[in-house]
Amino acid sequence: MKKKKSLILAAVAFGLLLCEAPPVRGQSFLIKSDITVASGETQDNIFTLGGKAVVEGKVRKSVVAIGGTITVSGEVGDAVVGIGSRIVLKSTAVVSGDVVALGGTLEKEPGCTIRGDTMYFQSAEIGDKLFRQGFFKGVFSLSFLPLFLLFRLLGVFVWLVLALIGAALFPKPITFAAGEIRQSFWQVFGIGILALIIFTGLVIFAALLSIILIGIPVLLTLIAAGFIIKVFGRLAVFYFFGDSLLRAFGSKKITAMGAVLMGLLVISLISFVPFIGFLALVVLNIAGWGVAVRTKFGTTQNMFLKKSAAAPTT
């Protein structure tokens, strides 16, 4: 009985450890429906779901919105990302990074400053096709697309949304983790295999425990943990491939947003190749798990090694 309880506690502890969101030192997030950063006020990151984000002061990192509106007349240090949002950049707006609009609208007044790239993915025609006659009728009206291809494209769209949000909110951890893939691939790959074996065993154990109530929260915790690890690890892999490709083409100024989106494009194209695409995704998934666990979501070089004491100065 004691052994059984110990295994349960170990599973819960493992899940809670992996479920930690990637912490960024010295960085906070303001998450509300409607957000206003007044003139003279400073925030690190702001995120809104279906609300209004108004930036008159300064946001050090990124502004992210799903639906709703983003209006910038002040300064944004990194990226402005809108998913199905209306983005308005006033004449006094200064965005030091990228501006990304996935669907929705993008309005730029003369005089606004964007130092990074502007990416506007228009989706008015797709949205009209999907939703004009109702979602399900719209989906099945796309008769030119085989069902498996439609599901694959929907998967790419989901990863695009996750990539935009992740690259905007966690650019430094993703960049750091991608560097670990480059420097220590085989160590990362080995840790990924071990992590997946342990995780699979814990999921099976929790599923068996689901016949009693205590197994259900453990299983849900593990599912959440697996989702977080997979997303962060995959974004690090996206960055690794995107950064490598952009450097090969001679790009000197590479942003986290640009590298992640380029990597997403490359890996998505590879995934459509029969058999080879499947094998590539398996390898990349293992590498993603490995780098997420090894770096503890991009916050340490190797969480399994203790830092050696500093040598005394003479």
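Remarks
- Neighbour-count order for LEU169, LEU246, fewest beta carbons within 10 angstrom listed first: LEU246, LEU169
- In this structure, the amide hydrogen of ARG60, modeled 1.01 Å from its nitrogen in the peptide plane, lies closer than 5 angstrom to those of GLN43, ASP44, GLY77, counting only residues at least 5 positions away or on a different chain.
- Theoretical FRET efficiency, 1/(1+(r/R0)^6), r = Cβ-Cβ of ILE276 and ILE223, R0 25 Å, to 0.05: 0.30
- Legend: residue pairs LYS61/LYS252; LYS108/LYS252; LYS58/LYS252; LYS52/LYS230; LYS61/LYS253, Cα-Cα distance threshold 23 Å; pairs beyond threshold, LYS108/LYS252; LYS58/LYS252; LYS52/LYS230.
- Residue exposure sequence - MET119, MET262 - by fewest surrounding Cβ within 10 Å: MET119, MET262
- Packing-based exposure ordering (other Cβ within 10 Å, fewest first) of THR105, THR113: THR113, THR105
Bear in mind that the values in this text are calculations on the coordinates, not laboratory data. The model shown is predicted, which means the values in this text are computed figures rather than measured ones. We place every Cβ from the backbone using ideal geometry, glycine too, and count neighbours over all the protein chains shown.
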